[in-house]
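**Q** I have a structure here, written as structure tokens, and I will follow up with some questions on it.
The values are calculated or read from the model by the stated rules, or taken from the named source; none is laboratory data. Fair warning: this is a prediction, and the values are worked out from it, not measured in the lab. FYI the Cβ positions are ideal-geometry reconstructions off the backbone, even for glycines, and counts take in every protein chain you see. Calculation scope for accessible area: heavy atoms of the full protein, side chains included, ligands and nucleic acids excluded. Shrake-Rupley method; radii C 1.70, N 1.55, O 1.52, S 1.80 Å.
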Protein chains: 2
Amino acid sequence: MGQFLANELETLGAEVQQRPLGKQPGKEHLDLPPVIIARYGNDKSKRTILVYGHYDVQPALLEDGWATEPFKLTIDDKGRMYGRGSTDDKGPVLGWINAIEAHQKAGVDFPVNLLCCFEGMEEYGSEGLDDFIKAEAKQFFKDADAVCISDNYWLGTEKPCLTYGLRGCNYYSVEISGPGQDLHSGVFGGTAHEPMTDLMAVLGKLVDVNGKILIPGINEMVAPVTEDEKALYGPIAYTMDNLYESLGSTTGIFDDKERTLMARWRFPSLSIHGVEGAFSAPGAKTVIPAKVIGKFSIRTVPDMESPQVNEAVYKYVKDEFAKLGSKNKLDVYCQHDGKWWVASPKHWNFSAASKAVKEVYGVKPDMTREGGSIPVTLTFEEATGKNVLLLPMGSSTDAAHSINEKLDRRNYIEGTKLLGAYLHYVAEEPMVAA
Amino acid sequence: MGQFLANELETLGAEVQQRPLGKQPGKEHLDLPPVIIARYGNDKSKRTILVYGHYDVQPALLEDGWATEPFKLTIDDKGRMYGRGSTDDKGPVLGWINAIEAHQKAGVDFPVNLLCCFEGMEEYGSEGLDDFIKAEAKQFFKDADAVCISDNYWLGTEKPCLTYGLRGCNYYSVEISGPGQDLHSGVFGGTAHEPMTDLMAVLGKLVDVNGKILIPGINEMVAPVTEDEKALYGPIAYTMDNLYESLGSTTGIFDDKERTLMARWRFPSLSIHGVEGAFSAPGAKTVIPAKVIGKFSIRTVPDMESPQVNEAVYKYVKDEFAKLGSKNKLDVYCQHDGKWWVASPKHWNFSAASKAVKEVYGVKPDMTREGGSIPVTLTFEEATGKNVLLLPMGSSTDAAHSINEKLDRRNYIEGTKLLGAYLHYVAEEPMVAA
């Protein structure tokens, strides 16, 4: 796929490099797939836009339940193009190449200089990419005036969106240990402090049933909702039925769109994921686990800073454990953290994309955030210091990562027009500071 | 092993039957191993004692970490006889056979009629045995005046004990479900009621750090400690260091022997075993599990009755869940229950055993209970209506079910004398009602 991409770009006259990323950590007999970087155009009078995409895909087997051969593009009579990677992220990557080709065939001058960064390990944590981007920010990518990533999805199926924010994630382990080995609950039940009892007590005090985080100091770090921001929510094409459909139930916390979307995008949340070391199989086992590790994570938003979040979490968990008066031992630590990202949706990068949506789809795009994270977004912003725009091509029903992944023909064709139109409007935007 | 046992008993002149138990449930191509039943002596003027043991053992492989070949008896210079089944339960079963043989060789009249019930599926839940015992209680076992089981262990390593009680066990599942499928915590965190949040809140309210059950009505069902009973605890050879050694830590709840042993033997306890359906592997996964099942059990004691215990548990769990106000769905049910058992340690069956201990070991035995369950005990009591005595041969360090299982030569030889002496004292006990 990397070679294919490099060939396509070279055929179109781009300057292409296949850059090695070294060996795969932990699997040193394997080379990481190369990053394909390319420059198309070098006109100092034009803006330079850096685009990112990935040519690797999730695994897929017909036996997983696909209705069609996953690695053969199959188009049904409604124009749904089924195939692994159709929407995530081969379709959008091809969109950029099609945009170049279309300009050449139509004899239209390409409106910007285009820099490409297409990786091959996105579905495996983008191994090696962060360091590469940081190094190239002052080299190959140094002329970039803004960044555009097409690797996420519309909120629904009809209305395009521009995405200006992502939540971060701090992932915690709470480890409680006591006995030297697992115990028989008949022999020891009632005589020893049980790590699971202590853990349930601590995990039961982190968040209330309505998702309110009970750790003092966390909610106080959250940036207040501004009037400008509030105004973005009204027009968004989203209904409670959309939530219930995606949940597969009506167990939502809020009854209205605005509070639901804000809870997903711009407020923190705390989820308890599970317990390591306890009995987790079906059936019945009368064990007193000697050491249990509760796992939970906090989705973070502006202006939460990881060190302060960690400090508040550690203090609260330790205090609540101390209140129990158990002789067991507690340890609480952050397994990993990733920062939130929010861009200014008033930047010319977003204005250009908004005009392009209006031109191609005839509507004003929804301004959205996402509740999850796309770590490369923040890496590009921090490494280049430029505005980053998430400009999705696919829709919410595309089933990325699932069986029967698809991209609608409409999204692919109009989406390719959108990428081209975006570059034209970028060229027209007044030259002001970010 | 069954055939070997049958041969040994036949050689000694016993009337032996190998009784089939049908096919193994779920593995209908396999016959269950036969129960070996035997009668030795049929003198109406003598008491008849029914003894139980099992000839099957736990699995064992040298690769598990055994210091010696597990299925070859290996005796070290301290007289420790290593081998799978040495203490659990081949040693004690052989003890009964040796007792018969010793009487024959010494030309001493056997003091009682002996009925044997030796099974081959004890380590796999005694499949088929309950129905067999119930059926034979009025047939082959109908003459039994009392029952003796040698299949448990001394509390320590020096002092023999007689065991007169076992706790029961009610095992519960608390199932909470909401979303139609597992969710991504980035996308849904903060917008939906999370089953894990609800489950932690409920499990966190079952028992306090010191093992006190918080479910109203449970502790009220417990029979008060009598003065007679209290008097049994003082002489027991047990120290807090014994507890700490077996725990592998000093995380015991109580600081004294009496309260520790009472908490293990004659008060109920509640242990939380784990959660099914949540993330339980090492590492970090940002899942919101759609359906989680918390597992906990209550060890029961006199006078707790299973239906009343279940009712109290269901009501409390449902009430606590209702208080949360979650839109998720709760189900709570009992996976299985097994009743506690307590015999009268003043019965002639125990008096005889106590005199035998004094004769063989020169001490008065500890009167003990166990925190766990030996379900066949209650089955014999209920099926025959006779007193059941647990008369252990092995010591607390024998490592039944573990690697390097052993039986000390002293325990085997003196233990065999004990079984014989017990039968002689049984014959001398006055004929009074149970």
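**Q** Can you pull the percent of Cα pairs in the range A:22-90 with separation above 19 Å?
**A** More than 19 Å apart: 59 percent of the Cα pairs in the range A:22-90.
**Q** Under a 1.4 angstrom probe, counting protein chains only, how are B:298, A:403 ranked by accessible area, largest first?
**A** A:403, B:298
**Q** Got a number for carbon plus sulfur as a percent of chain A's accessible area, 1.4 Å probe?
**A** Of the solvent-accessible surface of chain A, carbon and sulfur hold 53 percent.
**Q** Before anything else, pin down the relative contact order of chain A: Cα pairs under 8 Å, at least 6 apart, normalised by residue count, whole percent.
**A** 26
**Q** For the range A:1-148, just run the numbers: alpha carbon Rg, then divide by 2.2 N^0.38 Å, N being how many residues it has.
**A** 1.15
**Q** Restricting things to alpha carbons, find the Rg to Rh ratio for the range A:235-394 using the Kirkwood radius for Rh.
**A** 1.07
**Q** In terms of solvent-accessible area of protein heavy atoms at a 1.4 angstrom probe, what is the ranking of B:172, A:55, highest value first?
**A** Ranking B:172, A:55 by accessible area, largest first, yields A:55, B:172.
**Q** Where the Cα atoms of the range B:261-317 are projected onto their three principal axes, how long is each span, largest first, in whole Å?
**A** Here the Cα extents, ordered largest to smallest, are 45, 28, 12 Å.
**Q** Per-residue HN-Hα couplings for the range B:65-76, Karplus 6.51 cos²θ - 1.76 cosθ + 1.60 at θ = phi - 60°, whole Hz, x for Gly and Pro?
**A** So the Karplus estimates, Gly and Pro as x, are x, 4, 7, 10, 4, x, 9, 10, 5, 10, 10, 8 Hz.
**Q** Please compute the net charge surrounding residue B:48, taking Lys and Arg as +1 and Asp and Glu as -1 over other residues with Cβ under 11 Å from its Cβ.
**A** Cβ neighbours under 11 Å give a net charge of +3.
**Q** Interface A/B, total buried accessible area with a 1.4 Å probe, nearest 100 Å²?
**A** 5600
**Q** Then there is this: If you wrap the range B:146-251's Cα atoms in a convex hull and average its projection over all directions, what's the area in nm²?
**A** 12.7
**Q** Are any of the pairs B:105/B:417; A:295/B:295; A:44/A:105; B:159/B:358; A:295/B:327 more than 21 Å apart by Cα-Cα distance, and if so, which?
**A** From the list (B:105/B:417; A:295/B:295; A:44/A:105; B:159/B:358; A:295/B:327), the Cα-Cα distance tops 21 Å for A:44/A:105; A:295/B:327.
**Q** Where does helix B:409-428 land angle-wise versus the long Cα axis of chain B, in degrees 0 to 90, nearest 10?
**A** Tilt of helix B:409-428: around 70 degrees.
**Q** Now, a different point. Once you have the alpha carbon radius of gyration of chain B, what is it after dividing by 2.2 N^0.38 Å, with N set to its residue count?
**A** Against the compact-globule rule of thumb, the ratio is 1.10.
**Q** Enter the accessible area per residue of the range A:315-397 (Å², integer; probe 1.4 Å; all protein chains in place).
**A** Per-residue value: 42 Å².
**Q** With bins 10 Å wide starting at 0, give me the P(r) of the range B:157-206 over every alpha carbon pair, in whole percents.
**A** Calculated P(r), rounded to whole percents: 17, 30, 19, 12, 12, 10, 1.
**Q** Next up: 5 Å is the cut-off here: which amide hydrogens, built 1.01 Å from N in the peptide plane, fall below it relative to residue B:207, excluding neighbours closer than 5 in sequence?
**A** B:214
**Q** With springs only between Cα atoms under 10 Å, which of A:92, A:216, A:70 fluctuates most in a Gaussian network model of chain A?
**A** Maximum among the listed residues: A:216.
**Q** Using the Cα centre as the reference, give the magnitude of the dipole from point charges on the C-beta atoms of the range B:283-434 (Lys, Arg: +1; Asp, Glu: -1; all else neutral), rounded to the nearest 20 debye.
**A** 620
**Q** Just to confirm my numbers, what's the Cα centroid distance between the range A:74-103 and the range A:210-253 in Å?
**A** 32
**Q** Using each residue's phi in the range B:241-249, evaluate 6.51 cos²θ - 1.76 cosθ + 1.60 at θ = phi - 60° and report the 3J(HN,Hα) Karplus result to the nearest Hz, with x for Gly and Pro.
**A** Karplus values, whole Hz, x for Gly and Pro: 5, 4, 4, 4, 5, 6, 6, x, 6.
**Q** Then there's this: Counting Lys and Arg as +1 and Asp and Glu as -1, each charge on the Cβ, what is the dipole of chain B about the Cα centre in debye, to the nearest 20?
**A** Around 460 debye, computed over chain B.
**Q** A follow-up question, please. Taking each label point as 7 Å beyond Cα in the direction of the beta carbon, state the distances from residue B:335 to the same residue in the other copies, shortest first, in nm.
**A** 2.4
**Q** Starting from the amide H of residue A:335, placed 1.01 Å from N in the peptide plane, find each other amide H under 5 Å away whose residue is 5 or more places distant or on another chain.
**A** It is A:171, A:172, A:173, by chain and number.
**Q** Which order do A:196, A:221, B:431 take by accessible area at a 1.4 Å probe, largest first?
**A** Descending order: B:431, A:221, A:196.
**Q** Taking each label point as 7 Å beyond Cα in the direction of the beta carbon, state the distances from residue B:131 to the same residue in the other copies, shortest first, in nm.
**A** 6.7
**Q** If you take every DSSP beta bridge fully contained in the protein assembly as shown, what fraction is antiparallel? Give it as a percent rounded to 5.
**A** If I count the DSSP bridges inside the protein assembly as shown, around 70 percent turn out antiparallel.
**Q** Moving on to the next point. Might you work out the accessible area of residue B:401 for me, using a 1.4 Å probe with all protein chains in place, and round it to the nearest 10 Å²?
**A** Rounded to the nearest 10, that gives 100 Å².
**Q** Let me ask something additional. In degrees between 0 and 90, to the nearest 10, how far off the longest principal axis of chain B does helix B:348-361 point, with axes built from Cα atoms?
**A** Relative to chain B, helix B:348-361 is tipped by roughly 70 degrees.
**Q** May I ask which residue of A:415, A:388, A:426 lies farthest towards the positive end of the charge dipole of the range A:378-434, with charges of +1 (Lys, Arg) and -1 (Asp, Glu) on Cβ and the Cα centre as origin?
**A** A:415
**Q** Whole-Hz ³J(HN,Hα) for each residue in the range B:381-397, computed from phi via Karplus 6.51 cos²θ - 1.76 cosθ + 1.60 with θ = phi - 60°, x for glycine and proline: what do you get?
**A** 5, 5, 6, 9, x, 10, 5, 10, 10, 9, 10, x, 9, x, 10, 5, 9
**Q** Next question, about the same structure. Using a cut-off of 16 Å between alpha-carbon atoms, which lysines can reach residue B:78, once sequence neighbours fewer than 8 places away in the same chain are excluded?
**A** The qualifying lysines are B:406.
**Q** Report Rg/Rh for the range A:112-194, rounded to two decimals, where Rg is the Cα radius of gyration and Rh the Kirkwood radius.
**A** Across the range A:112-194, the Cα-based Rg/Rh ratio is 1.31.
**Q** Then there is this: Within 10 Å of each Cβ in A:292-305, how many Cβ atoms from other chains are there, averaged over the peptide?
**A** The mean count of partner-chain Cβ atoms within 10 Å per residue comes to 3.
**Q** Treat the range A:336-404 as a sphere of radius equal to its Kirkwood radius over Cα pairs and apply Stokes-Einstein at 10 °C in a medium of 1.306 mPa s; give the translational diffusion coefficient in µm²/s, rounded to a whole number.
**A** After rounding, the answer is 113 µm²/s.
**Q** Only bridges whose two residues both fall in chain A count here: according to DSSP, what percent of them are antiparallel, nearest 5?
**A** The answer is about 70 percent antiparallel.
**Q** Follow-up question, since we're still on this one. From the mean inverse distance of alpha carbon pairs (Kirkwood) and the Cα radius of gyration, derive Rg over Rh for the protein assembly as shown.
**A** Taking Rg over the Kirkwood Rh, I get 1.12.
**Q** Can you give the accessible area of residue A:428, probe radius 1.4 Å, in Å² rounded to 10?
**A** Residue A:428 exposes around 130 Å² with every protein chain in place.
**Q** Here is a further query. Can you list residues whose amide H is under 5 Å from residue B:389's amide H, if they're 5+ apart or on another chain and H is modeled 1.01 Å from N?
**A** Excluding prolines and chain starts, which carry no amide H, the hits are B:147, B:148, B:149.
**Q** Compare the Cα positions of A:144, B:377, A:219 along the charge dipole of the protein assembly as shown (+1 at Cβ of Lys, Arg; -1 at Cβ of Asp, Glu; about the Cα centre) and return the one farthest towards the positive end.
**A** A:219
**Q** Sticking with this structure for a sec: Against the longest alpha carbon principal axis of chain B, how many degrees, from 0 to 90 and to the nearest 10, is the axis of helix B:306-324 turned?
**A** So the inclination is approximately 20 degrees.
**Q** Can you list the aspartates and glutamates whose alpha carbon is less than 16 Å from that of residue B:72, not counting same-chain residues fewer than 8 positions off?
**A** Filter leaves B:56, B:63, B:64, B:88, B:89, B:405, B:408.
**Q** Here is a further query. For the range A:1-142, what is the percent of antiparallel DSSP beta bridges, rounded to the nearest 5?
**A** 65
**Q** Could I ask something else about it? Hey, can you list the residues from the range A:149-187 whose accessible area shrinks by 40 Å² or more with all protein chains present, relative to the chain by itself (probe 1.4 Å, no ligands or nucleic acids)?
**A** Residues passing the criterion (a loss of at least 40 Å², heavy atoms only) are A:171, A:185, A:186, A:187.
**Q** Let me know the Rg and Dmax you get for the range B:389-434 when you use only its Cα atoms, in Å.
**A** 14.4, 45
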